[in-house]
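Trainee: Here's a structure for you.
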Amino acid sequence: ALVILGGGAMAYVLQIERWFSTGIPMHLQLNTRALNNATDGSTSFDQVAVAAMAVWNAQLSGIQFQPVSNSQAAKGLGNGINNVYFSNTLGGGGFDGAVAVTETLTSGRAIVETDVTFNTGILWDSYRGPLVDNGRGAVVYDFRRVAIHEFGHVLGLDHPDEYGQRVVAIMNASVSDVDTVKPDDIRGARAIYDG
């Protein structure tokens with residue numbers, strides 16, 4: 001279930017479910033893949049994921065991401081652990097063109113677990129500004145902006161543009177030149193946790 005809220009230029013879309021805690025432990029298991037020569041100087045995907053969580057944490061007082069770097073926890077939806085990792089499959093199937101997917105388990109209105117899976121079948125870097133390509137027509141995705149988007153789903157935000165809204169937001173459905181949270185994203189997250 002979703003709730004579409006907005007006024008003026010704000011058009012965020014909220015899931016009905018939310019976390020009923022002040023912290024979300026996220027087990028980062030991204031260092032199975034090397035991040036070589038990142039444009040922004042980052043040295044690991046875990047480091048970039050922590051920075052993406054910090055973007056949301058700076059905007060919220062009612063809840064905070066709690067990154068667990070280099071986690072060795074078991075992976076799998078339904079294990080009670082919020083895993084963040086790379087894979088070439090999603091639940092035994094493909095990504096169907098997605099660069100990353102957030103899966104959420106709920107109990108009533110409470111989110112009880114979320115797993116974020118990043119697609120190994122695409123090119124990754126960490127940079128700011130417009131999207132870039134590899135010179136051969138393939139997009140090189142900015143891991144940080146994709147992680148910020150997926151962590152927005154972890155918080156309970158959805159895609160405003162898929163509900164007829166026209167707003168600049170990191171939470172829009174497609175990866176774009178937007179590389180960080182925008183006022184609409186912040187207002188949506190605060191409506192859930194700081195309202």
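The values are calculated or read from the model by the stated rules, or taken from the named source; none is laboratory data. Remember, predicted model here, so these are calculated numbers, not experimental data. Here Cβ is always computed from backbone atoms with ideal geometry, including for glycine, and neighbour counts include all displayed protein chains. For accessibility, only protein heavy atoms count, side chains too; no ligands or nucleic acids. Shrake-Rupley method; radii C 1.70, N 1.55, O 1.52, S 1.80 Å.
Trainee: Answer yes or no as to whether A52 is surrounded by fewer than 18 Cβ atoms within 10 Å (Cβ to Cβ), within 18 Å of I148 (Cα to Cα) and under 16 Å from the mean Cα position of the chain (by Cα). Talk me through it step by step, then tell me what you get.
Mentor: Details: surrounded by fewer than 18 Cβ atoms within 10 Å (Cβ to Cβ): no; within 18 Å of I148 (Cα to Cα): yes; under 16 Å from the mean Cα position of the chain (by Cα): yes.
Considered against the rule, which asks whether it is surrounded by fewer than 18 Cβ atoms within 10 Å (Cβ to Cβ), within 18 Å of I148 (Cα to Cα) and under 16 Å from the mean Cα position of the chain (by Cα), A52 comes out as no.
Trainee: What are the pairs, 6+ residues apart or on separate chains, where a residue within the stretch 16-36 that is closer than 15 Å to G195 by Cα and part of a strand (DSSP E or B) has its Cβ under 8 Å from a residue that is open to solvent by less than 60 Å² (accessible area, probe 1.4 Å) and of a type in the set (S, T, Y)?
Mentor: R18/Y193
Trainee: Of the numbered conditions (1) touching a residue at least 12 places away in the same chain (Cβ under 8 Å); (2) touching a strand residue (DSSP E or B) at 6+ places or on another chain (Cβ under 6 Å), I186 fails exactly one; give the number of that condition.
Mentor: The number of the failed condition is (2).
Trainee: Let me ask another. Return a yes/no flag: does the stretch 163-171 have any residue that is touching a residue at least 24 places away in the same chain (Cβ under 8 Å), assigned to a strand (DSSP E or B) and either open to solvent by less than 30 Å² (accessible area, probe 1.4 Å) or aromatic (F, W, Y) (or both).
Mentor: In the first step, residues of the stretch 163-171 are kept if they are touching a residue at least 24 places away in the same chain (Cβ under 8 Å); the result is 163, 165-167, 169-171.
Within this subset, residues satisfying the condition of being assigned to a strand (DSSP E or B) are none.
No: the stretch 163-171 contains no residue that is touching a residue at least 24 places away in the same chain (Cβ under 8 Å), assigned to a strand (DSSP E or B) and either open to solvent by less than 30 Å² (accessible area, probe 1.4 Å) or aromatic (F, W, Y) (or both).
Trainee: Of everything in the stretch 63-96, what is touching a strand residue (DSSP E or B) at 6+ places or on another chain (Cβ under 9 Å) and not in a loop (DSSP other than H, G, I, E, B)? Give them in sequence order.
Mentor: Within the stretch 63-96, Q64, F65, Q66, P67, V68, N83, V84, Y85, F86, S87, L90 meet the criteria.
Trainee: If you go through the stretch 109-127 one residue at a time, do you hit one that is open to solvent by less than 20 Å² (accessible area, probe 1.4 Å) and part of a loop (DSSP other than H, G, I, E, B)?
Mentor: Yes, some residue in the stretch 109-127 is open to solvent by less than 20 Å² (accessible area, probe 1.4 Å) and part of a loop (DSSP other than H, G, I, E, B).
Trainee: Against the conditions (1) within 20 Å of Q29 (Cβ to Cβ); (2) among the hydrophobic types (A, V, I, L, M, F, W, C); (3) surrounded by fewer than 16 Cβ atoms within 10 Å (Cβ to Cβ), where does F151 fall short? Just the number, please.
Mentor: F151 satisfies every listed condition except (3).
Trainee: For the subset of the stretch 32-47 comprising residues that are closer than 17 Å to N119 by Cβ and modelled with pLDDT under 95, which member is surrounded by the most Cβ atoms within 10 Å (Cβ to Cβ)?
Mentor: Going through the qualifying residues, I end up with L35.
Trainee: Filter the stretch 48-67 down to residues that are within 16 Å of R18 (Cβ to Cβ) and in contact with a helix residue (DSSP H, G or I) (Cβ under 6 Å, 6 or more places away or on another chain) and give me whichever is modelled with the lowest pLDDT.
Mentor: G62
Trainee: Identify the residue in the stretch 161-183 that is in contact with a strand residue (DSSP E or B) (Cβ under 7 Å, 6 or more places away or on another chain) and closer than 21 Å to D96 by Cβ and, among all such residues, is modelled with the lowest pLDDT.
Mentor: Here the residue is Y163.
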